[in-house]
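Data first, discussion second: the structure below is written as structure tokens.
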Amino acid sequence: MKNTIYRTLALMAFFMAFACGESTNENGQARADDKPNDLIKITRAQFEQSAMQLGTLQEREFPIMVNATGMIDVPPENRSVVNATMGGYIKSLPLLVGDRVEKGQALLTIENPEFVTLQQDYLEVGQTLDYLKTEYERQKTMYDENITSQKSYLKAKSEYKTAEARHNGLRKQLAMLNISPAKVEEGNITSVTTIFAPISGSVTKVNVSKGSHVAPATSILEIIDNDHIHIELSVFEKDIMKVKKGQDILFKIPEASSDTFGAEVHLVGTSIGGDRTIKVHGHLKEEEENKFLTGMFVEAQIVTETTRAKALPSESIIDIDDKNYVLLLDKKVDDDYYFRKMEVRIGDAYQGYSTIKNADTFGPTDQFLTQGADNF
């Protein structure tokens with residue numbers, strides 16, 4: 001009887017232990033299911049308050065580009081270095097760097113005693129020219145009538161033609177100095193000449209000051225017309241075969257703006273420089289809307305071709321410890337969204353989208369948090 005009771009109690013203890021163990025396992029499994037299993041819960045209120053959006057992978061065009069650097073420049077005819085035809089001392093120079101000048105505007109005056117000597121020579125030759133011309137015509141008439149010798153006729157002709165050439169040469173020199181020959185002939189002799197602006201534009205350099213002596217080769221100031229600027233790029237030899245006229249150029253001016261501007265390849269150089277680069281000339285798009293300045297450094301990319309790839313908005317990609325993740329919608333229960341964090345490999349980025357290299361791991365209907373992911 002006692003043995004029977006002991007057996008009964010042992011069986012009861014065994015079943016109770018089994019039942020307790022099963023309950024523990026069930027509760028334990030329930031707790032495991034309740035643990036955060038990489039799902040991120042977002043309530044509908046949070047979703048709407050943060051203006052979050054869902055989206056799928058999109059196939060978009062991405063450009064294949066060649067990198068280049070260069071600068072904002074102007075055509076040669078829009079850049080002018082002002083110097084003096086003859087040397088002298090700067091008498092007046094009222095301009096400063098940045099001043100706007102118009103073509104034909106007086107820029108500065110130069111004084112030199114040699115200007116007076118030049119005008120005197122012009123007047124003296126002019127006075128003798130009338131006599132030499134009359135003598136030449138008289139000798140020609142007499143020679144035609146066989147009254148005078150050929151020697152006398154040729155001598156008169158030579159003296160007249162020499163004086164005429166000298167007179168015309170002095171006239172041209174005065175015109176180059178902006179001294180009016182007509183006023184000199186009226187007796188108005190001056191030691192000062194004025195230099196006028198050869199083009200319209202802005203003064204970018206002033207190399208002298210009032211009272212300075214300048215030689216004919218001295219650069220006095222520089223004028224640049226920014227109305228027709230372009231970009232001058234340097235492309236490495238290995239990439240030049242990909243560049244062709246008409247291709248789009250995307251460029252930035254990193255020191256002045258974070259914006260991206262557009263241009264178009266207009267000319268491609270035909271020779272390689274000492275640094276193994278080739279010059280590429282680009283015309284700007286919407287030039288009048290941007291205030292570019294000559295000499296600005298640019299970082300550019302020339303679009304040589306395009307390719308198609310699946311992509312997501314760049315703002316939907318989260319960078320954590322040098323790895324990239326997206327939030328994939330796992331399920332929607334009532335008004336709550338549940339997202340799973342998925343690692344992705346990204347490629348090129350363009351116009352706010354980044355290519356997803358492992359896009360084949362996702363389905364065409366998979367939805368991602370495309371806006372608001374930076375909150376996580």
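The values are calculated or read from the model by the stated rules, or taken from the named source; none is laboratory data. Only a predicted model underlies this, so the values are computations on that prediction, with no experimental measurement involved. FYI the Cβ positions are ideal-geometry reconstructions off the backbone, even for glycines, and counts take in every protein chain you see. Note: accessible area is taken over every heavy atom of the protein model, side chains too, but ligands, DNA and RNA are not part of it. Shrake-Rupley method; radii C 1.70, N 1.55, O 1.52, S 1.80 Å.
So here's what we get for this one:
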quantity: All positions within the stretch 113-169 that are under 60 Å from the mean Cα position of the chain (by Cα), open to solvent by 80 Å² or more (accessible area, probe 1.4 Å) and under 16 Å from residue 185 (Cβ atoms); calculated: 120, 124, 127, 166, 168
quantity: Count of residues meeting criterion [touching a strand residue (DSSP E or B) at 6+ places or on another chain (Cβ under 9 Å), open to solvent by 30 Å² or more (accessible area, probe 1.4 Å) and not acidic (Asp, Glu)] in the stretch 229-246; calculated: 5
quantity: Residue 96 being assigned to a strand (DSSP E or B) and either out of contact with any Lys or Arg (no Cβ under 9 Å at 6 or more places or on another chain) or exposed (fewer than 12 other Cβ atoms within 10 Å of the Cβ) (or both); calculated: no
quantity: Number of the exception - residue 320 against (1) in contact with a Lys or Arg (Cβ under 9 Å, 6 or more places away or on another chain); (2) modelled with pLDDT of 90 or more; (3) open to solvent by 30 Å² or more (accessible area, probe 1.4 Å); calculated: (2)
quantity: Selection count, the stretch 186-196, where residues are open to solvent by less than 30 Å² (accessible area, probe 1.4 Å) and either of a type in the set (Lys, Arg) or under 39 Å from the mean Cα position of the chain (by Cα) (or both); calculated: 1
quantity: Identity of the residue in the stretch 323-336, open to solvent by less than 60 Å² (accessible area, probe 1.4 Å) and not hydrophobic (A, V, I, L, M, F, W, C), that ends up farthest from residue 41 (Cα to Cα); calculated: 324
quantity: Options 199, 220: the member that is touching a residue at least 24 places away in the same chain (Cβ under 8 Å), surrounded by 12 or more Cβ atoms within 10 Å (Cβ to Cβ), of a type in the set (A, V, I, L, M, F, W, C) and within 16 Å of residue 109 (Cα to Cα); calculated: 220
quantity: Unmet criterion (only one of (1) open to solvent by less than 20 Å² (accessible area, probe 1.4 Å); (2) out of contact with any strand residue (DSSP E or B) (no Cβ under 7 Å at 6 or more places or on another chain); (3) not aliphatic (A, V, I, L, M)) for residue 339; calculated: (2)
quantity: Qualifying positions in the stretch 348-371 - in contact (Cβ under 8 Å) with a residue 40 or more places away in the chain, closer than 17 Å to residue 309 by Cβ and either part of a loop (DSSP other than H, G, I, E, B) or of a type outside the set (A, V, I, L, M, F, W, C) (or both); calculated: 348, 350, 353, 354, 355, 362, 364, 366, 370
quantity: Single residue of 104, 169, 98 found to be on the phi < 0 side of the Ramachandran plot and either of a type in the set (Gly, Ala, Ser) or out of contact with any Pro (no Cβ under 9 Å at 6 or more places or on another chain) (or both); calculated: 169
